[in-house]
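> Shown below is the structure under consideration.
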Amino acid sequence: GAGVSQSPSNKVTEKGKDVELRCDPISGHTALYWYRQSLGQGLEFLIYFQGNSAPDKSGLPSDRFSAERTGGSVSTLTIQRTQQEDSAVYLCASSRISSGGANEQFFGPGTRLTVL
Amino acid sequence: AQKITQTQPGMFVQEKEAVTLDCTYDTSDPSYGLFWYKQPSSGEMIFLIYQGSYDQQNATEGRYSLNFQKARKSANLVISASQLGDSAMYFCAMREGLHTGGFKTIFGAGTRLFVKA
């Protein structure tokens, strides 16, 4: 079956512009996560969605960042008034939810964002 | 405070030898899960192995095993019989609050493994 897909794969934007990053999770996965990975660094948790529950937004670095998940499937991460420090790879992941299981995350290929 | 600590920024291992990648974690939650992921230079994140805090035995998956020492709060990854294709970044991660439906996952800074021929 299809894995997690993300678009665009690369995005170059000018400082101050808004950008939207899209994530299509694996069908049937009810949990969806967004992470940010700066060059050579680990993954920074941003937000996750689980079914119809309120999302955990505790990792969003500022109010310029927001995300939504429509219909329990596709998610969009929006960054308003982009800054150069927003340049990074944005990774999306999805997972099943089952009691007692690992519920490991399956990652997309990422969107490389460059803010000039 | 760091929740996940990986103290080895880089490691070298000879092909066919075993290597241990260190991971320590910090939590007061009795119910948590520990993960290891591999990230090759191509960038994709690949799940390797999982250990639940209540699991009695150390997890194993093929050449990967997790040396889980709960009292020490360590979850080291052991790769046996290293192969050239094992060269990659390796991330340790933790998810707390399993019994309350928590799914937020925190990742360590990673260890870059180089396998020498």
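> Looking at this structure, is A:T30 among the β-branched types (V, I, T), crowded, with 17+ Cβ neighbours inside 10 Å and out of contact with any Pro (no Cβ under 9 Å at 6 or more places or on another chain)?
Working: among the β-branched types (V, I, T): yes; crowded, with 17+ Cβ neighbours inside 10 Å: yes; out of contact with any Pro (no Cβ under 9 Å at 6 or more places or on another chain): yes.
Yes, satisfied.
> I've got another one for you. Please enumerate the residues belonging to region B:102-117 that are modelled with pLDDT of 95 or more and charged (D, E, K, R).
Across region B:102-117, the qualifying residues are B:R112, B:K116.
> Now for a different question. Among B:Q51, B:Q56, which is within 14 Å of another protein chain (Cβ to nearest Cβ), of a type outside the set (S, T, Y) and in a loop (DSSP other than H, G, I, E, B)?
On the way: B:Q51 fails: in a loop (DSSP other than H, G, I, E, B).
The unique qualifying residue is B:Q56.
> Quick check on region B:1-12: of everything there that is over 14 Å from A:G42 (Cα atoms) and in contact (Cβ under 8 Å) with a residue 40 or more places away in the chain, which residue is most open to solvent (accessible area, probe 1.4 Å)?
Pass one, region B:1-12, residues over 14 Å from A:G42 (Cα atoms): B:1, B:11-12.
This time we only want the ones that are in contact (Cβ under 8 Å) with a residue 40 or more places away in the chain, so: B:11-12.
On the way: B:M11: 43, B:F12: 134 Å².
Taking the candidates together, the pick is B:F12.
> Ok, one more. For region A:52-116, please list each of the strands (runs of 3 or more DSSP E) lying entirely inside it that holds at least 1 residues being open to solvent by 40 Å² or more (accessible area, probe 1.4 Å). Outline the logic, then answer.
Details: elements: A:65-69, A:75-79, A:88-95, A:111-115.
Strands (runs of 3 or more DSSP E) meeting the threshold: A:65-69, A:111-115.
> Tell me which of these B:R112 doesn't satisfy, since it passes every other one: (1) in contact with a Pro (Cβ under 7 Å, 6 or more places away or on another chain); (2) closer than 20 Å to A:F106 by Cα; (3) charged (D, E, K, R).
Exception for B:R112: condition (2).
> On to the next question. Does any residue in region B:97-117 that is over 24 Å from A:N103 (Cβ atoms) and assigned to a strand (DSSP E or B) come within less than 6 Å, Cβ to Cβ, of a residue that is open to solvent by 80 Å² or more (accessible area, probe 1.4 Å) and of a type in the set (A, V, I, L, M) six or more places away or on a different chain, and which pairs are these?
B:V115/B:L84
> Filter region B:59-111 down to residues that are basic (K, R) and at the interface with chain A (Cβ under 9 Å from one of its Cβ atoms) and give me whichever is surrounded by the fewest Cβ atoms within 10 Å (Cβ to Cβ).
The selected residue is B:K104.
> Could you list, in sequence order, the residues of region A:42-57 that are free of Cβ contacts under 8 Å to residues at least 24 places away in the same chain and facing chain B (nearest Cβ under 7 Å)?
A:G42, A:F45, A:Y48, A:D56
> Just give me the residues in region B:13-32 being surrounded by fewer than 13 Cβ atoms within 10 Å (Cβ to Cβ) and hydroxyl-bearing (S, T, Y), in sequence order.
The answer is B:S28, and nothing else.
> Test each condition in (1) under 25 Å from B:W36 (Cα atoms); (2) in a strand (DSSP E or B) for A:H29 and report the one that comes out false.
Just one mismatch for A:H29, condition (2).
The values are calculated or read from the model by the stated rules, or taken from the named source; none is laboratory data. Just so you know, these numbers come straight off a predicted model, no measurement behind them. Glycine gets a Cβ as well: all are built from the backbone with ideal geometry, and neighbour counts include every protein chain shown. Surface accessibility is based on the protein's heavy atoms, side chains included, excluding ligands, DNA and RNA. Shrake-Rupley method; radii C 1.70, N 1.55, O 1.52, S 1.80 Å.
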